[in-house]
């Protein structure tokens, strides 16, 4: 019998008979490992653990502790949901059912039936019943004709439309129990691994995201291999609700939205404006130290600008409609990106290699027409401000500049307490290069420089294909917040293509013209999303230096309001921000309200404090700190801020 070679992640080489599966390999290592294997990475691709391995295999066994293991588990759970629905409802039709970051969903057409969240408990019960049957997920390659025949008989227009776009010879079905679905996989070995099920919510979703097409019912759910993990997750969800930035943003009077202004266009209230301005001041100061030059560009640009950059071709559908002027054939667009404007700034004068790198930074507001159903608080909006910068450098400077930006991103994470993060190298989709601009040579060079820079900085990276910007690959930083959720924040991109499209040049040491390279970077990503994540990560308990209201003065009675105003004025001279609670309320109520409002310090003033020219100090979460002079409190406050920023 022929043998195959299997290389494991530790570099060890094992030999097995032909036809061996990843599950068999796991079993040969230990029975316990085999019980926990959900899927496998085979030569970099995720496979079912029950598929026969090729002759030469680099193998990684995937469990619940691996991201791709979870994805296979939740993908299989979506099929389990569909099986339960098909068993419970007649003539149900299925669209797509992918895994997502936390769980899965399935888009379903119930026909004339009205479906609501009240139906979820019985579906959960059915899913658990089916899971206990331990039905195997069986993969089968089918011809296009057979696939069309199968779903024609089931009268499922959504699957037929998907099949129409597939090539014959690339189509697979998966069957578990009495349910068969069009699917490329991979899946877990059998349904019995699913021990805990929770269907979370019901929403509407248009087929293919097109609001002119059929509206479907989207059912969200999550599953786990242990009941204990589900209970922990549901506790986490409840904590997330308490920290929801939309809820806290309203309670803390940070931002609001108005239908008259427009969906997805946030209005920053005074306290929220103070918060975002502090963020901007922090980064502006740090950027000046690191050699960036601030610039400002308009909120609109001529259509030809975005035609040149490629944004019009690649993002035209996501842009707002053009702004037409009285001049014939003159069109402007709300700015979707800052980079084309910065290219034009670069072109305002000749550059020598001695001028480079040139680092242009802008807090630039951009606009993109997101679908109304995708808008979500500050995390998905139609107008947002990027902490954008573009570094124009020589090819020889790219790696060092890229590493310097990594340092800046990690410094930002340290200051804001984001200690859990991963770095994702986002590359082109190798199967669909039409989405991108530029030559293979430039793309390969940019990808290599990003990988080398990340490796030299000691970052553990994962590769994601299809996530690159249309003009270049990037390094994206994924941050886990205080309750374990993952967000994309900072991004750094290497771009050989926009300098080509804008015909940017510098004179080299050989006195000949050369093309610079652009590095796009945004440590925050966008102010809006960063604030949302900061609110939810801290639960609204911002660092002292960042808090919109750093203190509140609480007069014991109205007689001491003038003294309170005097204190606030003096503190403002030291850039300490405070308000006064002048309400005719008992001091206990004022203290409780200040605690609820998450104000870091409370300064209580009454007759004793006025006579001694002092303040009684309380700190949120710590209680009384005693009586201090204003000078001593100022020193204490500044010391506390310095300690935060030094951590």
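A few comments on the model shown:
- Checklist (1) part of a loop (DSSP other than H, G, I, E, B); (2) without any contact (Cβ under 8 Å) to a residue 40 or more places away in the chain; (3) surrounded by 15 or more Cβ atoms within 10 Å (Cβ to Cβ) applied to residue 163, failing item: (1)
- Picking from residues in segment 26-53 that are under 33 Å from the mean Cα position of the chain (by Cα) and part of a strand (DSSP E or B), the one that is nearest to residue 134 (Cα to Cα) is 39.
- Scanning segment 600-624 for residues that are assigned to a strand (DSSP E or B) and surrounded by 14 or more Cβ atoms within 10 Å (Cβ to Cβ) gives 601, 602, 603, 604, 605, 614, 615, 616, 617, 618, 619.
- Filtered residues of segment 274-293 (kept if outside any helix (DSSP H, G or I) and touching a helix residue (DSSP H, G or I) at 6+ places or on another chain (Cβ under 7 Å)): 290
- Elements of type strands (runs of 3 or more DSSP E) in segment 426-500, at least 2 residues being free of Cβ contacts under 8 Å to residues at least 60 places away in the same chain, out of contact with any helix residue (DSSP H, G or I) (no Cβ under 8 Å at 6 or more places or on another chain) and outside the structural domain of residue 407 (by TED's automatic domain parsing): none
- Given (1) buried (at least 21 other Cβ atoms within 10 Å of the Cβ); (2) under 15 Å from residue 187 (Cα atoms), number of the condition residue 139 does not satisfy: (1)
- Condition broken by residue 61, with the remaining ones in (1) more than 20 Å from residue 183 (Cα to Cα); (2) over 28 Å from the mean Cα position of the chain (by Cα); (3) not in a loop (DSSP other than H, G, I, E, B) satisfied: (2)
- Any hit, segment 140-152, residues being in the same structural domain as residue 218 (by TED's automatic domain parsing), part of a helix (DSSP H, G or I) and under 22 Å from residue 217 (Cα atoms): yes
- When residues of segment 78-99 are limited to those that are in contact with a helix residue (DSSP H, G or I) (Cβ under 8 Å, 6 or more places away or on another chain) and assigned to a helix (DSSP H, G or I), the one nearest to residue 21 (Cα to Cα): 80
- Listing of strands (runs of 3 or more DSSP E) fully contained in segment 311-411 that carry 2 or more residues being closer than 25 Å to residue 290 by Cα: 358-367, 383-393
- The set of residues in segment 33-44 that are at pLDDT 90 or above and either surrounded by fewer than 19 Cβ atoms within 10 Å (Cβ to Cβ) or touching a helix residue (DSSP H, G or I) at 6+ places or on another chain (Cβ under 6 Å) (or both) comprises 33, 34, 35, 36, 37, 38, 39, 40, 43.
The values are calculated or read from the model by the stated rules, or taken from the named source; none is laboratory data. In this text the structure is predicted, and so the values were computed from the model without any measurement. Cβ atoms come from the backbone with ideal geometry, glycine included; neighbour counts cover every protein chain shown.
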